[in-house]
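Here the structure comes first, spelled out in structure tokens, and everything after it is commentary.
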Amino acid sequence: MRDAWRLAVGTFTALPVDPPGRVDRAVLGRAMLLAPLTCAPAAAVWSAFGALSTTGWAPAGVVAVLALVVTALLSRALHLDGLADLADGLTSGHDPARSLQVMRRGDTGPAGAAALVLVLLLDAACLTVLLGSATGTTLAVVALVASRLACAVCARDGIPPARREGLGQGVAGTVGRSSLVGLVVAVGACAAVVNAWLSRPGVAWWAAALAGLAVVLTAAAAAVVVRRQAVRRLGGVTGDVFGAAIEVALATALVTATVAVTALHRP
């Protein structure tokens, strides 16, 4: 488990860790399952920013953008890079080889730039609402953690790699279906319990619990959609697909959280 933890932290964050002593398919699969835990530093920062906003120390719009900046720095912006590359690849034509070739280039085309701008604008708009209240901050953190379920979703067994090299080739098919379902259930249950426990007075505990569960499930569903599109168009998954799935899952989960917190705060 130590090797899997080191691999997960080293792959998904910019935090310095010792290299794993052993890397095989079992370790790779465990690392994908541990991915939600690797955003703990970013989750702590989001919680702190939410506290600053709710107590009036900083405007919600400012802390929303700062939260995204810190998250990008902590992940070396790899997930955003994956989103841009996948958008460019999928819009370059219907030939898988051509799409993969475009994704390997270091530049960002119009589709990639548009995807980055639109997703970050959507994230910032949602966080401006969410970080303005304690309930919203909790749901924002749930969305952040749930977005990392995309790693296990894309590494599910039966999903082939699109290339013979790279991250996708190493981790594709390393997560069993039962492990994936168990992870989604565990994260969803934790989100429901925590959100119900921290619900504000006047909000039914079951409504708060459903909100937390909905955020997790929509994040997982968004990752599945990205993975299926990648498999259909590219023939499998790549490291860019993992990054894009994380970003799409995060944006989807934040939208769900925003709708939920608006409903919960409605008189």
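The values are calculated or read from the model by the stated rules, or taken from the named source; none is laboratory data. Keep in mind the model is a prediction, meaning the values are calculated, not measured. We place every Cβ from the backbone using ideal geometry, glycine too, and count neighbours over all the protein chains shown.
Annotation: of all residues in the range 17-44 being part of a loop (DSSP other than H, G, I, E, B) and closer than 21 Å to PRO161 by Cα, the one that is modelled with the lowest pLDDT is VAL23.
Return yes or no: is LEU80 under 30 Å from ARG177 (Cα atoms), touching a helix residue (DSSP H, G or I) at 6+ places or on another chain (Cβ under 9 Å) and in contact (Cβ under 8 Å) with a residue 12 or more places away in the chain? Answer is yes for this residue.
If you go through the range 168-199 and pick out every residue that is among the β-branched types (Val, Ile, Thr) and in contact with a helix residue (DSSP H, G or I) (Cβ under 6 Å, 6 or more places away or on another chain), you end up with 5.
Taking the condition within 30 Å of ALA64 (Cβ to Cβ), in contact (Cβ under 8 Å) with a residue 12 or more places away in the chain and outside any helix (DSSP H, G or I), does ALA14 pass? Yes, satisfied.
Quick check: is even one residue across the range 49-59 of a type outside the set (A, V, I, L, M), touching a Gly at 6+ places or on another chain (Cβ under 6 Å) and either modelled with pLDDT of 95 or more or part of a helix (DSSP H, G or I) (or both)?
Let us first name the residues in the range 49-59 that are of a type outside the set (A, V, I, L, M), namely 49-50, 53-57, 59.
Applying the additional criterion that residues be touching a Gly at 6+ places or on another chain (Cβ under 6 Å) yields 53.
Filter again for either modelled with pLDDT of 95 or more or part of a helix (DSSP H, G or I) (or both), leaving 53.
The answer is yes, given that some residue of the range 49-59 is of a type outside the set (A, V, I, L, M), touching a Gly at 6+ places or on another chain (Cβ under 6 Å) and either modelled with pLDDT of 95 or more or part of a helix (DSSP H, G or I) (or both).
Within the range 248-267, being over 26 Å from CYS154 (Cα atoms) and touching a residue at least 60 places away in the same chain (Cβ under 8 Å) holds for ALA260, VAL261, THR262, LEU264, HIS265.
Any residue that is farther than 22 Å from ALA111 by Cα and outside any loop (DSSP other than H, G, I, E, B) - is there at least one of those in the range 76-99? It would help to see each step written out before you state the result.
Filtering the range 76-99 for residues farther than 22 Å from ALA111 by Cα gives none.
Looking for residues that are farther than 22 Å from ALA111 by Cα and outside any loop (DSSP other than H, G, I, E, B), one finds none in the range 76-99, hence no.
Where helices (runs of 4 or more DSSP H) fall entirely within the range 125-237, those with at least 2 residues that are under 16 Å from the mean Cα position of the chain (by Cα) and either at pLDDT 95 or above or surrounded by fewer than 24 Cβ atoms within 10 Å (Cβ to Cβ) (or both) are at 134-147, 149-154, 177-197, 205-234. If you go through the range 89-118 and keep only what is surrounded by 21 or more Cβ atoms within 10 Å (Cβ to Cβ) and under 22 Å from PHE12 (Cβ atoms), you end up with GLY89, MET103, GLY112, ALA115.
Would you confirm whether or not the range 240-255 contains a residue that is at pLDDT 95 or above, surrounded by fewer than 22 Cβ atoms within 10 Å (Cβ to Cβ) and closer than 15 Å to THR135 by Cα? Yes. TRP46 fulfils the conditions (1) farther than 13 Å from LEU127 by Cβ; (2) surrounded by 19 or more Cβ atoms within 10 Å (Cβ to Cβ); (3) not polar (S, T, N, Q) except for a single criterion, (1).
With respect to the conditions (1) over 30 Å from LEU66 (Cβ atoms); (2) free of Cβ contacts under 8 Å to residues at least 12 places away in the same chain, GLY21 falls short on a single one, namely (2).
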